[in-house]
Protein chains: 2
Amino acid sequence: MTEPKQDRSRQTRQRLLTTTVAVLTSRGWEATTVALVAAEAGISRGAVQHHFPTREDLVVAALEHMFAARIAAVDALPDPGESGMKRVRAVVAQLVELVGGDLFRAALQVWTATTADPALRAVVVPLERRFGKEAHARAVRLLGVDDRDPEVRRLIQATLDLARGLALADVLTDDSRRRSGIVTAWADQLALALDLT
Amino acid sequence: MTEPKQDRSRQTRQRLLTTTVAVLTSRGWEATTVALVAAEAGISRGAVQHHFPTREDLVVAALEHMFAARIAAVDALPDPGESGMKRVRAVVAQLVELVGGDLFRAALQVWTATTADPALRAVVVPLERRFGKEAHARAVRLLGVDDRDPEVRRLIQATLDLARGLALADVLTDDSRRRSGIVTAWADQLALALDLT
């Protein structure tokens, strides 16, 4: 009889985390309260507080959940299966997509809130660093380059920084058309620099 | 007798705008209330409300003030006075510095708040667009390139997107050492692509 109860508890917890990330993305940091998350998830405030006694507990768990999802997305990136410049374009487009999107919007809310909350910053910095490392390693593997070369490492990092800048531009306006031209222009330079044409 | 009074009023207004931007940068969006800005500026709440009846009025005026300062900084960028690759490196470093810094931190607070506030977004988007255009035009002039060529235009835009991504990375941790390596690596590729070596 305990198994199904544990399952239900796990499912409730999972739903709370997913809802917290969704509320962060759509409503922003300030609006992300235990009360709103409880209402959106259709769970009583008391039940939420059983899982997460404070707003901070809930947000930190949601952050960890979100970064686990981002890292799983990195691992799930398929081999784009082209070669030469076409392959580099495909990999850069994948990375830009991976860094941006809804999880970026949720992360942005949290980054911005770290200004007023150093304890939150201490939680976010290692998560963000781990995501950056995984994305970097994946890019290196997909491109088949050797990042022990410092120049190669910098160009891969620059590509991830570009992806972050494009994701930020997309927060204000739908930037998809402009972005795809920039991805191609950048990828072509990267292919030349990495001798992958 | 009216002149000095107008001057004082202008100075008060100016001080309120500067203080609002500083409070946004250091304390974040949520903390930026009329009460806190009044306290930090050493001005009574009533006097603040004489200039700016609502928090929204104050924030919108501060935004316009901040973007005017960012655009003035674009116009003030000196000619770096080198040539070839060295010049490209200097220009890219200038652009990265220009896009980042305290005004970026303040702008980030506002961008993030636009998620919960479409009216604020309607104010920010044209300001941000104008800043982007000015920075782009300045980069084109300093590099001496012709951005009627779409490829040139995309590479300049990519450089500004990279600058934004680097600015965001710097919000979480002091990223200055890593950043300077990335600036150089990208600038060298840009110089090759634009035939400026």
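Within the range A:23-39, track down each residue that is more than 14 Å from chain B (Cβ to nearest Cβ) and surrounded by 17 or more Cβ atoms within 10 Å (Cβ to Cβ).
A:34, A:37, A:38
Looking at the range A:117-166, which of the residues that are in contact with a Gly (Cβ under 8 Å, 6 or more places away or on another chain) and among the basic types (Lys, Arg) is surrounded by the fewest Cβ atoms within 10 Å (Cβ to Cβ)?
Among those residues, the one meeting the criterion is A:154.
Name every residue in the range B:97-119 that is farther than 22 Å from residue B:177 by Cβ, of a type in the set (A, V, I, L, M) and within 11 Å of another protein chain (Cβ to nearest Cβ), in order of residue number.
If the condition is that a residue be farther than 22 Å from residue B:177 by Cβ, of a type in the set (A, V, I, L, M) and within 11 Å of another protein chain (Cβ to nearest Cβ), then B:106, B:107, B:110, B:113, B:116 are the ones that fit.
Quick check: anything in the range A:135-143 more than 12 Å from the chain's Cα centre (by Cα) and either of a type in the set (Ser, Thr, Tyr) or within 7 Å of chain B (Cβ to nearest Cβ) (or both)?
No, there is no match, as no residue in the range A:135-143 is more than 12 Å from the chain's Cα centre (by Cα) and either of a type in the set (Ser, Thr, Tyr) or within 7 Å of chain B (Cβ to nearest Cβ) (or both).
Tell me which residues, restricted to the range A:153-162, are closer than 24 Å to residue B:156 by Cβ and either part of a loop (DSSP other than H, G, I, E, B) or more than 7 Å from chain B (Cβ to nearest Cβ) (or both).
Result: A:156, A:159, A:160.
When you go through (1) more than 14 Å from chain B (Cβ to nearest Cβ); (2) without any contact (Cβ under 8 Å) to a residue 24 or more places away in the chain; (3) not hydrophobic (A, V, I, L, M, F, W, C) one by one for residue A:55, which number turns out not to apply?
The single condition residue A:55 does not satisfy is (1).
Return the residues of the range B:168-187 that are within 8 Å of chain A (Cβ to nearest Cβ) and in a helix (DSSP H, G or I); say none if nothing qualifies.
B:168, B:169, B:171, B:172, B:178, B:181, B:182, B:184, B:185, B:186
Is it the case that residue B:41 is on the phi < 0 side of the Ramachandran plot and touching a residue at least 40 places away in the same chain (Cβ under 8 Å)?
no
Criterion first (out of contact with any helix residue (DSSP H, G or I) (no Cβ under 7 Å at 6 or more places or on another chain) and at pLDDT 95 or above) does residue A:122 satisfy it? Talk me through it step by step, then tell me what you get.
Values: out of contact with any helix residue (DSSP H, G or I) (no Cβ under 7 Å at 6 or more places or on another chain): yes; at pLDDT 95 or above: no.
When the stated conditions are applied, residue A:122 does not pass them.
Given (1) of a type in the set (Val, Ile, Thr); (2) within 11 Å of the chain's Cα centre (by Cα); (3) over 21 Å from residue A:115 (Cα atoms), identify the lone condition not met by residue B:99.
Every condition holds for residue B:99 apart from (3).
Within the range A:145-166, can you find the residues that are modelled with pLDDT of 95 or more, within 23 Å of the chain's Cα centre (by Cα) and not polar (S, T, N, Q)?
A:153, A:154, A:155, A:156, A:158, A:160, A:161, A:162, A:163, A:164, A:165, A:166
Do we have residue A:175 as under 13 Å from the mean Cα position of the chain (by Cα), more than 24 Å from residue B:25 (Cα to Cα), charged (D, E, K, R) and modelled with pLDDT under 95 here?
no
Please go through (1) within 23 Å of residue A:117 (Cα to Cα); (2) modelled with pLDDT of 95 or more for residue B:42 and return the number of the only condition it doesn't satisfy.
(1)
If residue B:17 satisfies every condition in (1) closer than 22 Å to residue B:137 by Cβ; (2) buried (at least 19 other Cβ atoms within 10 Å of the Cβ); (3) within 17 Å of the chain's Cα centre (by Cα) but one, which is the exception?
Failing condition for residue B:17: (1).
Scan the range B:130-143 and tell me whether some residue there is touching a residue at least 12 places away in the same chain (Cβ under 8 Å), among the acidic types (Asp, Glu) and within 25 Å of residue B:76 (Cα to Cα).
The answer is yes; a qualifying residue exists.
The values are calculated or read from the model by the stated rules, or taken from the named source; none is laboratory data. Computed from a predicted structure; not experimentally measured. Glycine also receives a Cβ, built like all others from the backbone with ideal geometry; neighbour counts cover every protein chain displayed.
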